[in-house]
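Okay, structure first, notes after.
The values are calculated or read from the model by the stated rules, or taken from the named source; none is laboratory data. From a predicted model like this one, the values you see are computed outputs, not experimental measurements. Ideal geometry is used to build each Cβ from the backbone, glycine not excepted, and the neighbour counts take in all protein chains shown. Keep in mind that these areas ignore ligands, DNA and RNA; they rest on the heavy atoms of the full protein, side chains included. Shrake-Rupley method; radii C 1.70, N 1.55, O 1.52, S 1.80 Å.
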Amino acid sequence: MFGGMVWERVSTDEIGEAMDHFAGLVSAGWGRVCELIAEVDVRQSWMADGARSLIDWVCVRLRVRHQTAVQLVGVARRLLDLPLLAEMLGSGVLSLDQVDAISRIATPDTEADVIAETSGLSIPMLYRRARRHQGVSKEEERSVWERRQLLRQWNLDESELRFRGRLPAAEGRIFDEAVDSRVDGMDVNPETGMFDPLQTRSADALVELAASNGGGDGAPAQLTVFAELEALTTVDRGWAELDNTALICNETARRLGCDAVVEWVITQNGKPIGIGRRSRKIPGWLRRLVYHRDGNQCRHPGCNNTRWLQVHHIIGWGDGGPTNLDNLILLCGVHHRWVHERDWHITGPPEARVFRRPDWTPHPNPRRTLHPRLAHLVSI
């Protein structure tokens, strides 16, 4: 179909169509690979090659990095009980990443319903849903806590100190917020008239924290915990999350209420509504909800920008749009200008926003059904 094409001579629409078809073919290929991995797993034939595990064998056999092999083996094993999802990957309808996330949520009994609910979500939203579904146990959190450490090493003439370490999610978030708050308050370098690199300012912020006894003369770092009511009243139901960074077990959520400054956002069968038409100004608590819901990054498809973000009214306040959660979205400066100055549009529910070009066509375009000649390759 596309063999021998001189791409410089074809239209942009034809290039997009080709990409859709080949992306579908790639997904279908991964579907077949997962079928083969599952069969190798059943036969345990990977042991004959001297591999220490199926994942190591997949790394070598497919010449992929360890992270990709882990994903493929996990998908292959989960799809054994999810025939509908396996079919959608094998026919190129869903991508490998979509199937990876959805298969972490679905069960044989809920497979069809979960696919219907989630297949329109963006990849970050899908993985966020999967993360919440899987949860985190007290034992897993304890394991992370036991690995906390701070390693310090001076060089030979003690002219430089090097250090590295690790902290559990809650303590790491406190540390991160404290450093960020000081970085954000720093002025330009008076010698250069420019801001120092972020890494340099972070180092200065850490020294300031140590010199001021951890900022004891100022307000303590504040955590924002988003939690379902069930997470605060039961042991193993509901979820609690640190401002879109990490899940915490229910006991930790309750502990944070005792020994840290915490702003709680508790949900039950719904979500905060906002401030309606009273003002276009977005209060801090609502702004934090927008950041949390949108994953602390620009919602434009493919944009991973997590800094210098802006909250945008989808329906302008001057046009009657309310200042509430459903009418707000997080955008980076570039894509915020696109909406306002290039006439892009945003539609759809908060969890499945659709970005539309000025002619109202969706971006990215919905994946096309495989061309018959490519579909034939999949069925071989």
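Quick rundown of the values:
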| read-out | value |
| --- | --- |
| Theoretical gain in end-to-end length, Arg254 to Glu8 [0.36 nm per residue, Cα-Cα removed] | 82.5 nm |
| Given charges at Cβ of Lys, Arg, Asp, Glu: the chain dipole, positive-most of Val136, Leu370, His300 | Leu370 |
| Global geometry of region 39-80, whether rounded, prolate or oblate, following the gyration tensor of its Cα atoms and the 1.5 cut on a/c | oblate |
| The chain, accessible area per residue, ligands and nucleic acids excluded (1.4 Å, Å²) | 61 |
| Ordering of 286-292, 112-118 by burial proxy (mean other Cβ atoms within 10 Å per residue, highest first) | 286-292, 112-118 |
| Solvent-accessible surface (1.4 angstrom probe) belonging to Leu325, in square angstrom, nearest 10 | 10 |
| Rounded to 5, the percent of DSSP beta bridges in the chain classed as antiparallel | 75 |
| Choice from Gly31, Gly193, Gly90 with maximal GNM fluctuation in the chain (Cα, 10 Å cutoff) | Gly193 |
| Shape category assigned to region 89-128 from the gyration tensor of Cα positions, a/c cut at 1.5 | oblate |
| R0 of 30 Å, Cβ-Cβ distance Glu17-Gln67: FRET efficiency to nearest 0.05 | 0.45 |
| Packing-based ranking, highest mean first, of 72-78, 161-167, 235-241, 50-56 given that Cβ atoms within 10 Å are counted | 72-78, 235-241, 50-56, 161-167 |
| Ellipsoid semi-axes in whole angstrom, largest first, where each is sqrt(5λ) of the Cα gyration tensor of the chain | 39, 30, 24 |
| Efficiency of FRET between Val265 and Gln199 - r from beta-carbon atoms, R0 51 angstrom, step 0.05 | 0.95 |
| Simple label model, 7 Å out from Cα along Cβ direction - Leu229 to Arg77, nm | 3.8 |
| Region 64-216, relative contact order [Cα under 8 Å, separation at least 6], % | 12 |
| Protection proxy ranking of 14-22, 62-70 - average other beta-carbon atoms within 10 Å, highest first | 14-22, 62-70 |
| Highest-MSF residue in the chain out of Ser91, Ser202, Ser11 [GNM, Cα springs under 10 Å] | Ser11 |
| Apportionment of accessible area to carbon and sulfur, the chain, percent (1.4 Å) | 53 |
| Cα gyration tensor shape for region 279-318, rounded if a/c is under 1.5, else prolate or oblate | oblate |
| Simple spin-label estimate for Arg147 and Thr361 in nanometres, 7 Å along Cα-Cβ | 4.6 |
